[in-house]
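Encoded as structure tokens, the structure appears first; notes follow it.
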Amino acid sequence: MRKILVVIDMQNDFIDAALGTKEAAAIVDAVCAKIRSYPAENVYATMDTHAENYMDTQEGRYLPVPHCIRGTDGWKLNPEIAQVLTGAHIYEKPTFGSVALAEDLQELARNEDIELELVGLCTDICVVSNALLIKAFMPEVKISVDAGCCAGVTPEKHLAALETMRSCQIQVEN
């Protein structure tokens with residue numbers, strides 16, 4: 001059984017910039033340790049990626065905080081995370097979930113038995129979106145989320161997202 005780690009949006013804007021929280025900053029060391037516990041070829045990561053016209057998009061109208069604009073410091077991976085993600089498969093995504101990531105993982109699952117573990121930011125937006133998207137693509141693959149390596153927009157939303165994932169047969173650990 002090949003174990004795959006999916007690291008969601010560990011970018012500066014979500015940690016200590018435009019949309020950062022103390023909870024997000026607090027998980028950086030744990031996420032680094034988790035990444036180091038997997039072979040590099042078994043680590044996949046996403047980067048929230050928006051264009052300059054972000055505020056004109058539907059997401060921008062509902063979340064009117066420019067963030068993760070391609071090429072800005074806020075868009076970049078946290079430096080500690082970037083250092084340990086060397087060799088990882090990285091996906092830029094224009095919205096909450098990455099269809100390309102789900103498709104590539106589905107293809108991998110066609111050729112070998114895999115399990116998936118998700119960590120990252122924000123539990124209640126991009127982590128839950130990717131977990132549910134991947135589950136829809138691969139309902140028989142074991143998917144888990146390490147709650148200790150995730151943070152939500154608020155602690156309450158973090159817990160609500162974890163409960164949503166549990167309800168959808170995604171295992172929640174820690």
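Listing for the model above:
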read-out	value
Inter-label distance, nm, simple model (7 Å from Cα along the C-beta direction), residue 73/residue 174	2.8
Surface/4 estimate of mean projected area, convex hull on alpha-carbon atoms of segment 113-158, nm²	3.0
Two-site FRET efficiency, residue 2 against residue 36, from Cβ-Cβ distance with R₀ of 25 Å, rounded to 0.05	0.90
Sequence-separation-based contact order of the chain, relative, with Cα cut under 8 Å and 6+ spacing, percent	27
For segment 138-150, 3J(HN,Hα) per residue [Karplus equation, 6.51 cos²θ - 1.76 cosθ + 1.60, θ = phi - 60°, Hz, x = Gly/Pro]	9, x, 9, 7, 5, 10, 10, 10, 8, 4, x, 10, 9
For segment 1-93: span of alpha carbons on each principal axis (Å, largest first)	43, 25, 21
Cα centroid separation, segment 154-174 to segment 1-67 (Å)	17
CD proxy at 222 nm, helix term only [per DSSP H run n ≥ 4: -39500 (n - 2.57); per residue of the chain; nearest 500]	-10000 deg cm²/dmol
Two-decimal log10 I(q)/I(0) for segment 44-108, as the Debye equation yields it once each C-alpha is a single scatterer, q = 0.16, 0.28 Å⁻¹	-0.61, -1.19
Label-point gap, in nm, between residue 160 and residue 113 - each point 7 angstrom along Cα→Cβ	3.8
Only Lys, Arg (+1) and Asp, Glu (-1) charged, at Cβ; segment 34-174 dipole about Cα centre in debye	200
Length added when fully stretched, residue 61-residue 104, from 0.36 nm per residue minus Cα-Cα	12.4 nm
Stokes-Einstein D (µm²/s) once Rh is taken as the Kirkwood radius of the chain over alpha-carbon pairs, at 20 °C in 1.002 mPa s	135
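Each reported figure results from applying straightforward, stated rules to the coordinates on display, with no laboratory input. Keep in mind that what you see is a predicted model, and the values were worked out from it rather than measured. All Cβ positions, even for glycine, are placed from backbone atoms using ideal geometry, and neighbour counts span all protein chains on display.
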